[in-house]
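Inspection log for the structure reproduced underneath, given as structure tokens.
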Amino acid sequence: MRKAQRGLDGLALEQILRQIRLIVFDFDGVFTDNRVLVGEDGSEYVFCNRADGLGLTKLRQRGVDCIVLSTETNPLVARRCEKLKLECFQGSADKWQTLQEILEKKKIDAAYVGYVGNDVNDLACMENVGVAICVADASPEIKPVAHLVTSRRGGEGAVREICDLVVRAKDTED
């Protein structure tokens, strides 16, 4: 599979999405709206979109593996990933290095990977995978690298939007 070109038209992007074998999601700002509610005792709470779960299930049913790769280490992230049945890699100071190690273990070429990010710590991964995706409210520094910018913001259905796009592409395979 060739790496997607920036500014692809809908048909060309759909053809690339059909070949995706793995989607890697950042957590904060992608599954969440990038805000945190901190309780008096220091407990953290975030808002996620419940519709994401069904979208991820549909992807898995079509043979697309999905994982979370996060810079931070947070039990809240692990808990949400466990509920969604997502493999979770946390505490990565160098996301691209970590992703290369994951891809080597999974025996997947980066060209068959979609990466969904929202901030500059996702940039190296986005520059090196087959399809770079960012959420609508992503940092302005990464939007020019993205092949696809969602219409929805992080935590407000962006994950489900991505899942639905890939499912639709997979369902129209020749």
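The values are calculated or read from the model by the stated rules, or taken from the named source; none is laboratory data. Keep in mind that what you see is a predicted model, and the values were worked out from it rather than measured. Note that each Cβ is placed from the backbone with ideal geometry, even for glycine, and that neighbours are counted across all protein chains shown. Surface areas here come from the heavy atoms of the whole protein model, side chains and all, with no ligands, DNA or RNA. Shrake-Rupley method; radii C 1.70, N 1.55, O 1.52, S 1.80 Å.
Annotation note: of Gly114, Gly130, the sole residue that is modelled with pLDDT under 95 and surrounded by 20 or more Cβ atoms within 10 Å (Cβ to Cβ) is Gly130. If you filter region 68-100 down to residues that are crowded, with 16+ Cβ neighbours inside 10 Å and not hydrophobic (A, V, I, L, M, F, W, C), you find that the one that is farthest from Val113 (Cα to Cα) is Asn74. Of Leu54, Leu59, Leu17, all but one fail to be in a helix (DSSP H, G or I), open to solvent by 80 Å² or more (accessible area, probe 1.4 Å) and closer than 17 Å to Ala158 by Cα; the exception is Leu54.
Residues that are charged (D, E, K, R), in contact (Cβ under 8 Å) with a residue 12 or more places away in the chain and assigned to a loop (DSSP other than H, G, I, E, B) were ranked within region 29-45; the one that is surrounded by the most Cβ atoms within 10 Å (Cβ to Cβ) is Asp33.
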